[in-house]
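This report refers to the structure that appears directly beneath it.
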Amino acid sequence: MAEAFGWGALGASALLIGALIAYLLSPTRGVIAVVMALGTGLLIGSVSFELIDEALKYQAVAWVAAMVLGGAAVFTVGDWLLERRGGGDRKDATGAQAEGSPLAIVLGSVLDGIPESFVLGLTVLQGGVSVSLLAAV
């Protein structure tokens, strides 16, 4: 359990490290876009090649597809609710603070972080750490 907690903490530390780098270096919007695109590609690749491939060993394609689509639907609905409650107004395009709901940002972080940490913990319990999943998280 301690090992799973340690790997989860390492994965979650990326958020703090990224925030510190962004604060100290003030990257341009172009650099931010490239980093976001890289992260998105890593996460999609990790889900596609590690998690779904493993799930298909134990479940039928239809069940795995339904669960992936269900997860995407939960994320989409959660994002839509957060947007309606002020999450979308929290930052403006230039990065300056704007009006909005800080609680929406917290809920968005939870919606994003818990599933990733859960899956990372499961890979530890199965006997190893998925390096691509850790990098994606």
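The values are calculated or read from the model by the stated rules, or taken from the named source; none is laboratory data. Here the structure is a predicted model, which is why all the values come from computation and not from measurement. Glycine also receives a Cβ, built like all others from the backbone with ideal geometry; neighbour counts cover every protein chain displayed. With ligands, DNA and RNA removed, areas are computed over all heavy atoms of the protein, side chains included. Shrake-Rupley method; radii C 1.70, N 1.55, O 1.52, S 1.80 Å.
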Residue by residue through the range 57-78, note down the ones that are under 18 Å from residue 115 (Cβ atoms) and among the β-branched types (Val, Ile, Thr). 64, 68, 74, 76, 77
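Please go through the range 71-82 and give me each residue that is aliphatic (A, V, I, L, M) and surrounded by 13 or more Cβ atoms within 10 Å (Cβ to Cβ), ordered by number. Before you say what the answer is, go through the steps one by one.
Step one: filter the range 71-82 for residues aliphatic (A, V, I, L, M), giving 72-74, 77, 81-82.
Matches in the range 71-82: 81, 82.
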Restricting to the range 83-98, name every residue that is open to solvent by 70 Å² or more (accessible area, probe 1.4 Å) and at pLDDT 65 or above. 83, 84, 85
